[in-house]
Amino acid sequence: MAALAACAPSTKAEEDQTANPKANETLTRVTSIAAQIKKFEYLIHTNGKVKALKERVMTADIAGRIAVCRAENGKETESGFVILIFDPTPTQHRLQKAELTLFNAEKEYQSQLLGYENLLKNKSPEEADAIRQKLRIGSGLALAEHEVKEANYELLKTSVAAPFRGVLADVKVQEGQQTAAGNELFKIYDPTSLLLEVKVLES
């Protein structure tokens, strides 16, 4: 009976702790704030290259001497503005010669056609067209017409205009300079659409 009496108070204390487990806990005071969603800014120092999304390297379509050069690095230009003019004299002479050849070829063709007038009357439209085409080739008329068209096309190439509104750069020619067909003349780019290319190392 003495042993049971000694253990009774201890059992009572344990029962109180089990019934209230928070009795021995220490409260910790905390401070909180509302989270905000913002852009994360991270400053990076690196090297890069600025490129234009719209640019074109202009090359010479013909060989010759540059009579007029309005190209300057950093110069702004409008679409269609004539920047370079090649000396048109050689091309103009070629055109005049081709036109003279065409004139003579037309006379020769008409002369030959008169000799086939009665023959063409007895032919079908398809056969008559085939005969006329042979006469055009035989008289040199077809070739002369082609040479005139080619000379006119070459004459158009003597001027170089801006393909779009932009800024000139990498100018490689100047007035009075001789250049060959295919050589680079200058570069034009649109300054309103630029792209920055950089290499960023992951950390």
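Readers should treat all values here as calculations from the given coordinates under stated rules, not as data from a laboratory. Keep in mind that this is a model prediction, so the values were computed, not measured. Quick reminder, even Gly has a Cβ in these numbers, built from the backbone with ideal geometry, and neighbours come from all protein chains shown.
Below is a table of values for the structure above.
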| read-out | value |
| --- | --- |
| Extension gain from Leu27 to Leu201, taking 0.36 nm per residue of separation minus the Cα-Cα distance | 58.0 nm |
| Over the chain: helical MRE at 222 nm, DSSP H runs n ≥ 4 each giving -39500 (n - 2.57), nearest 500 | -13000 deg cm²/dmol |
| Integer Hz, Karplus 6.51/-1.76/1.60 couplings in order for segment 161-172, x for Gly and Pro | 10, 5, x, 7, 6, x, 10, 8, 7, 6, 5, 10 |
| Model label zone, Lys157; criterion: amide N under 13 Å from point 7 Å along Cα-to-beta-carbon; scope segment 43-70 | 59-65 |
| Using alpha-carbon coordinates, inclination of helix 125-138 to the longest axis of the chain, degrees | 80 |
| Inter-probe distance in nm under a simple model that places probes 7 Å from Cα toward Cβ, at Leu120 and Lys54 | 5.2 |
| Estimated dipole of segment 112-198 in Debye, rounded to 20 [Cβ of Lys and Arg +1, of Asp and Glu -1, Cα centre] | 280 |
| Label corresponding to mean projected area of the Cα convex hull in nm² when calculated from the structure given, among (i) 17.4; (ii) 33.7; (iii) 14.9 | (ii) |
| Ala63-His146 FRET efficiency (beta carbon distance; Förster radius 25 Å; 0.05 resolution) | 0.75 |
| Rounded to 10°, Cα long-axis angle of helix 2-19 versus longest principal axis of the chain | 30 |
| Ratio of the Cα radius of gyration of segment 90-157 to 2.2 N^0.38 Å, where N counts its residues | 1.34 |
| FRET efficiency, 1/(1 + (r/R0)^6) with R0 30 Å, evaluated for Arg165 and Gln36 via beta carbons | 0.10 |
| Given charges at Cβ of Lys, Arg, Asp, Glu: segment 47-203 dipole, positive-most of Leu194, Gly80, Pro163 | Leu194 |
| Additional length obtainable on full extension of the chain from Leu113 to Ser79, 0.36 nm per residue less Cα span | 7.4 nm |
| Contact order relative to length of the chain, as percent, for alpha carbon pairs under 8 angstrom and 6 or more apart | 40 |
| Top of Leu156, Leu43, Leu84 by mean-square fluctuation, Gaussian network on the chain, Cα under 10 Å | Leu43 |
| Degrees between helix 89-115 axis and first principal axis of the chain (Cα, 0 to 90, nearest 10) | 50 |
